[in-house]
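What follows is a short report on a single structure.
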Amino acid sequence: MFMSKTVLHVTGMTCDHCARSVEQALNALPGVRARVSYADALAHIDAGTGVNAESLIRAVTAKGYGASLADGTTSAPKTGQGTGLHVAIIGSGSAAFAAAIRASEQGARVTIIEAGIIGGTCVNVGCVPSKIFIRAAQIAHLSAVHPFDGLERRGLQVDRTRLVAQQQARVAELRRAKYEDILESNPNINLVRGRARFADAHTLIVAQADGNEQRIAADRILIATGRRPAIPAIPGLDGTPYWTSTEALAAEQLPEHLIVYGGSVVAVELAQAFLRFGSNVTLIARSTLLSKEDPAIGEELKQVLEA
């Protein structure tokens, strides 16, 4: 079968997982074989007859990323003129933006409503800051504990304030590339700041920071507010200065002793990172570590952490 080669420049990817997501979306198209590189921000695509650049770009943008032909020519789907439905979306994370982009491409006028920081969990308080935090802790650990006699082993010296500043600068950079730039470049997607509540099935009332309220009528309303940490009902917890993962990742001071309550992936990765930065860490789990995974993984990990 005749295959054409296309290279797309992909924007908005923040990690290798993003690249795999784009790759899967492209490979789901009939007659398409794609390889996506996060480092190069490129998608190399072999496509059969009848697959055009517009359909490839549409598959990428439907996932919430930007795409254009790598040679600089424009072959993106034309943005609608806003003459169709009005779609209101509560929330501004990756699901909200994927829906907004797709609806806009189909001619809808879109209003995104956000009460907090634009961009949702992954870029602001999830994947991006946590992996930077964990990587820095790994480097600190390796510089102090490694098996090579010919390399100096450096004592642990951590300037947490500078680490947080660098981490949050990268968060801001990726939030701009993946979310804010899309708003500025798409006239059919409008952002309204505030907290929404329903007046009826087709009307939202948005309470704004200045005390005013705005009524938004829409043909379709999507709730894409994501998740927030669940606080367990532990007696006395309300009276303590506890952290969730959000506060832990942004803290500029390292605790002398940190108690991590839970044995899931987030609990274990943060416990290990703080340990490597020099904190004493007590991890409390109701059962085995990573109890939802293969039991052997949790048992082996327990031995590694205790060592």
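Every number in this text was worked out from the coordinates using simple rules, so none of it is lab data. Remember, it's a predicted structure, so these values are computed and weren't measured experimentally. Please note: Cβ atoms are built from the backbone with ideal geometry, for glycine as well, and neighbour counts cover all protein chains shown.
Some values worked out for this structure:
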item: Length released on extending from Leu237 to Gln168, taking residue separation times 0.36 nm less the Cα-Cα span; result: 22.0 nm
item: 0 to 90° range, to nearest 10: angle between helix 265-276 axis and the chain longest Cα axis; result: 50
item: Rounded to 10°, Cα long-axis angle of helix 295-306 versus longest principal axis of the chain; result: 50
item: Cα lying deepest toward the dipole's positive end in the stretch 102-259, options Ala251, Ala201, Ile134, charges on Cβ; result: Ala201
item: Distribution of pairwise C-alpha distances over the stretch 3-69, 5 Å bins, in %; result: 4, 21, 37, 25, 10, 3, 0
item: For the stretch 254-306, diffusion coefficient by Stokes-Einstein and Kirkwood Rh (Cα), 4 °C, 1.567 mPa s, µm²/s; result: 117
item: GNM result for the chain, Cα springs below 10 Å: residue of Val110, Val266, Val171 fluctuating most strongly; result: Val266
item: Sequence-distant aspartates and glutamates (8 or more away, or on other chains) whose Cα lies within less than 19 Å of Lys302; result: Glu269, Glu293, Asp294
item: Whichever aspartates and glutamates have a C-alpha closer than 19 Å to that of Lys178, once near sequence neighbours (fewer than 8 apart) are set aside; result: Asp16, Glu23, Asp40, Glu105, Glu114
item: Within a Gaussian network of the chain (alpha carbon springs, distance under 10 Å), most fluctuating of Gln157, Gln167, Gln214; result: Gln157
item: Overall Cα dimensions of the stretch 78-228 - principal axes, largest extent first, Å; result: 69, 38, 21
item: Extension gain from Ser279 to Lys131, taking 0.36 nm per residue of separation minus the Cα-Cα distance; result: 51.4 nm
item: Cα-based helix-to-principal-axis angle, 127-144 vs the chain, degrees rounded to 10; result: 30
item: Simple Cβ-charge dipole of the stretch 171-300, Lys/Arg +1 and Asp/Glu -1, about Cα centre, in debye nearest 20; result: 380
item: Antiparallel DSSP beta bridges within the chain, as percent of all bridges there, nearest 5; result: 60
item: Choice from Ile205, Ile189, Ile297 showing the highest fluctuation, given a GNM over the chain with Cα pairs closer than 10 Å; result: Ile297
item: Check: the chain dipole with +1 on Lys, Arg Cβ and -1 on Asp, Glu Cβ, in debye; result: 460
item: Calculated Rg and Dmax of the chain using C-alpha coordinates, Å; result: 23.0, 71
item: Contour minus Cα-Cα distance for Arg154 and Arg176 (0.36 nm per residue); result: 4.3 nm
